[in-house]
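Participant: Supplied in structure tokens, the structure appears directly below.
The values are calculated or read from the model by the stated rules, or taken from the named source; none is laboratory data. Computed from a predicted structure; not experimentally measured. Glycine gets a Cβ as well: all are built from the backbone with ideal geometry, and neighbour counts include every protein chain shown. Heavy atoms of the whole protein, side chains included, go into the accessibility calculation; ligands, DNA and RNA do not. Shrake-Rupley method; radii C 1.70, N 1.55, O 1.52, S 1.80 Å.
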Amino acid sequence: MRTLKHISKYILITLLIVSCEKTQKKKTSSEPSTQKQVTAKDILGNKNYVAISYGGYRTKTRDVQPTIAELKDDMKILHAMGIRVLRTYNVQLPHAANLLKAIRELKNESTNFEMYVMLGAWIDCKNAWTEQTPDHNQESEKNKDEIERAVALANQYPDIIKIIAVGNEAMVKWAASYYVQPGVILKWVNHLQNLKQEGKLDKDLWITSSDNFASWGGGDTIYHVEDLNKLIKAVDYISMHTYPMHDTHYHPIFWGTIDDGKRSSLEKIDYAMLKAKEYAISQYDSVHNYMKSLGVNKPIHIGETGWASYSNGHYGDTGSKATDEYKEAIYYKHMREWTEKAGMSCFYFEAFDEIWKDARNPGGSENHFGLFTIDGKAKYALWNLVDQGVFKGLTRNGNQIIKTYNGNKDSLLLEVQLPPVKAKLVVNH
């Protein structure tokens with residue numbers, strides 16, 4: 001028979017166990033677990049840290065934010081396929097902050113889960129996205145708050161956020177709704193660099209801006225201004241975008257195939273996609289050469305590149321015939337192979353289709369850049385991973401990860417159009 005002393009001791013031990021369990025649960029939800037520490041310098045250009053651009057939106061409007069549970073499902077899928085670095089685009093909406101919460105929870109649930117973020121801070125000119133005429137020589141008063149939010153998140157999640165990108169295609173002049181002059185980007189990059197010097201941001205946090213190759217000096221000389229030169233010297237690395245797919249319409253001189261009577265249809269497509277890869281490399285080279293002309297030598301990584309799987313416009317059947325899952329898969333393979341060999345990171349655009357991007361036109365190419373569909377089907381570029389069982393047990397929107405076209409390649413190829421014959425294309429343009 002137990003004595004009162006023994007019972008009291010038992011109750012005390014039980015209370016201690018319950019207290020420890022509660023403390024552990026609280027830590028799991030709010031505090032980072034102890035894992036290996038890496039920096040942007042360790043990650044960028046490291047083939048073990050594959051990068052991708054990410055948005056978790058499932059509907060036609062960003063008013064419907066993805067839940068933490070949905071974000072965690074996406075993270076498990078991307079982690080399974082080897083992704084370790086994500087790029088986000090703004091901190092105005094809850095998406096980025098919720099994503100960081102989701103990653104923190106997954107890290108605390110498993111010491112094997114590893115994911116880092118290149119956090120985007122959106123930058124606009126004055127009157128952007130309003131009925132008033134955009135003033136490209138002045139910045140939006142909202143930019144200050146956006147930068148402050150990015151800084152706060154970087155300090156809250158130093159184990160996850162390794163890079164801050166000031167602006168997304170914010171300097172390229174075809175972004176007519178919102179672009180700013182390079183001096184605005186320079187101002188905020190310098191501000192963040194100063195915070196690092198003052199100990200108000202992690203000294204190993206890298207600062208950049210992510211923009212079109214032309215904006216980094218690789219295109220028209222109209223971009224070759226002193227503030228750009230100063231910006232190139234101020235960033236920790238250059239994050240450049242290249243989109244051969246868009247230029248199959250806007251600058252098609254590289255696009256097309258050769259009809260010599262000896263090539264099969266797929267060989268003709270493979271030829272055209274090889275030219276697309278070479279075109280992307282030429283844009284990288286142009287930025288690299290401009291940077292070197294300034295006496296600067298720092299890393300260049302691909303902040304964005306991608307290829308849509310469908311378009312009912314400029315790039316589809318009635319246009320340049322560029323978009324389908326077969327060509328998307330070839331381009332994805334080319335970009336991964338090239339950048340890995342060159343020791344660069346490639347934030348491939350993008351992980352999942354996002355239909356809010358062109359909500360009024362479901363067939364618009366912007367809705368179809370994902371490697372996965374909205375409902376979680378793996379497009380042709382990832383069929384091999386499905387075969388390998390990489391996504392076994394994982395779901396998106398409650399759906400298991402299966403192949404598009406029911407895995408029937410012949411059905412897929414029925415929708416693949418041959419690019420125009422190069423000789424005729426040159427004549428037409």
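Participant: For Val296 and Asn194, compute 0.36 nm times the residue count separating them, minus their Cα-Cα distance, and round to one decimal in nm. Write out the running numbers ahead of the final one.
Facilitator: On the way: separation 102, 0.36 × 102 = 36.72 nm, distance 2.02 nm.
Length gained between Val296 and Asn194: 34.7 nm.
Participant: Using the Karplus curve 6.51 cos²θ - 1.76 cosθ + 1.60 with θ = phi - 60°, what ³J(HN,Hα) values do you get for each residue of segment 350-361, in whole Hz, with x for Gly and Pro?
Facilitator: For segment 350-361, the Karplus curve yields 8, 5, 10, 4, 10, 8, 6, 5, 9, 4, 7, 9 Hz.
Participant: Further question: Would you list the P(r) distribution for segment 341-421, with all Cα-Cα distances sorted into 5 Å bins from 0 and each bin expressed as a whole %?
Facilitator: 3, 13, 17, 21, 20, 15, 8, 2, 0
Participant: Would you calculate the separation in nanometres between label points at Asn137 and Asn399, each defined as 7 Å from the Cα along the Cα-to-beta-carbon direction?
Facilitator: 5.1
Participant: I've got another one for you. When only C-alpha pairs under 8 Å and at least 6 residues apart count, what is the relative contact order of the chain, in percent? Walk me through the numbers on the way to the answer.
Facilitator: Details: 789 pairs, mean separation 69.4, N = 429.
Result for the chain is 16 percent.
Participant: What's the magnitude of the charge dipole for the chain around its Cα centre, counting Lys and Arg as +1 and Asp and Glu as -1 at the beta-carbon? Answer in Debye, nearest 20.
Facilitator: Values: 54 positive and 51 negative charges, 347 e Å.
Dipole of the chain, to the nearest 20 debye: 1660 debye.
Participant: A 24 angstrom limit on the alpha carbon distance is what I want to check against. Which of Lys142/Lys200; Lys268/Lys409; Lys173/Lys233; Lys275/Lys403 exceed it?
Facilitator: Working: Lys142/Lys200 21 Å; Lys268/Lys409 18 Å; Lys173/Lys233 21 Å; Lys275/Lys403 28 Å.
Flagged as over cut-off: Lys275/Lys403.
Participant: If one computes the Cα centroid of segment 72-101 and of segment 154-202, what distance in Å separates the two points?
Facilitator: 19
Participant: Calculate how many DSSP beta bridges within the chain are antiparallel, expressed in % of all such bridges and rounded to the nearest 5.
Facilitator: Values: 5 of 34 bridges.
Just about 15 percent of them are antiparallel.
Participant: Just to be sure I follow the definition: excluding the sites themselves, where is the longest run in the chain that has none of the GluC sites (Glu not before Pro) in a DSSP loop with at most 14 other Cβ atoms within 10 Å? It would help to have the intermediate numbers written out before the result.
Facilitator: Values: sites that count: Glu131, Glu141, Glu198, Glu415.
Answer - 199-414.
Participant: Obtain the nm distance between the two label points defined at Ser177 and Thr318 by a simple spin-label model: each point lies 7 Å from its Cα along the Cα-to-C-beta direction.
Facilitator: 2.3
Participant: What accessible area, in Å² to the nearest ten, does a 1.4 Å probe give for Asp260?
Facilitator: Counting only protein heavy atoms, the figure is 70 Å².
Participant: Check Arg87: other-chain or 5+ apart residues with amide H under 5 Å from its amide H, H built from backbone geometry?
Facilitator: Amide H neighbours of Arg87: Ile52, Ser53, Tyr54, Met118.
Participant: Relative contact order for segment 249-326: what is it in percent, counting Cα pairs under 8 Å that are at least 6 residues apart? Working shown, then result.
Facilitator: Details: 42 pairs, mean separation 18.1, N = 78.
So the answer I get is 23 percent.
Participant: For segment 288-429, what class follows from the C-alpha gyration tensor (a ≥ b ≥ c being the square roots of its eigenvalues): rounded when a/c is under 1.5, otherwise prolate if a/b is larger than b/c, else oblate?
Facilitator: Here segment 288-429 falls in the oblate category.
Participant: Between segment 220-269 and segment 337-370, what is the separation of their alpha carbon centroids in Å?
Facilitator: 16
Participant: Scan segment 238-297 for trypsin sites (Lys or Arg not before Pro) in coil per DSSP, keeping those whose Cβ has at most 12 other Cβ atoms within 10 Å, and list them by number. Can you show the working numbers first?
Facilitator: On the way: sites: Lys262, Arg263, Lys268, Lys275, Lys277, Lys292; in loops: Lys262, Arg263.
In loop regions of segment 238-297 (DSSP not H, G, I, E or B), the sparsely surrounded trypsin sites (Lys or Arg not before Pro) are Lys262.
Participant: From largest accessible area down, sort Asp63, Asp220; use a 1.4 Å probe on the protein chains. Display every interim value, and only then the final one.
Facilitator: Details: Asp63 140, Asp220 90 Å².
Largest to smallest exposure gives the sequence Asp63, Asp220.
Participant: Working out 0.36 nm times the residue gap between Glu337 and His249, then minus their Cα-Cα distance, what length gain in nm do you get to one decimal? Before the final figure, lay out the partial values.
Facilitator: Numbers: separation 88, 0.36 × 88 = 31.68 nm, distance 2.51 nm.
Full extension of this stretch gives 29.2 nm more.
Participant: Could you tell me the calculated FRET efficiency between Lys230 and Lys392, based on Cβ-Cβ distance and R0 = 35 angstrom, to the nearest 0.05?
Facilitator: 0.10
Participant: Using R₀ = 25 Å, calculate the FRET efficiency as 1/(1 + (r/R₀)^6) where r is the Cβ-Cβ separation of Glu109 and Lys47; round to 0.05.
Facilitator: Working: r = 26 Å, r/R0 = 1.05.
Efficiency at R0 = 25 Å is approximately 0.40.
Participant: For a quick check of your reading of the filter: which chymotrypsin sites (Phe, Trp or Tyr not before Pro) in segment 127-235 sit in a DSSP loop and have no more than 16 other Cβ atoms within 10 Å? Before the final figure, lay out each step's value.
Facilitator: On the way: sites: Trp129, Trp174, Tyr178, Tyr179, Trp188, Trp206, Phe213, Trp216, Tyr223; in loops: Trp129, Trp174, Tyr178, Tyr179.
Sparse-neighbourhood loop chymotrypsin sites (Phe, Trp or Tyr not before Pro): Trp129, Trp174.
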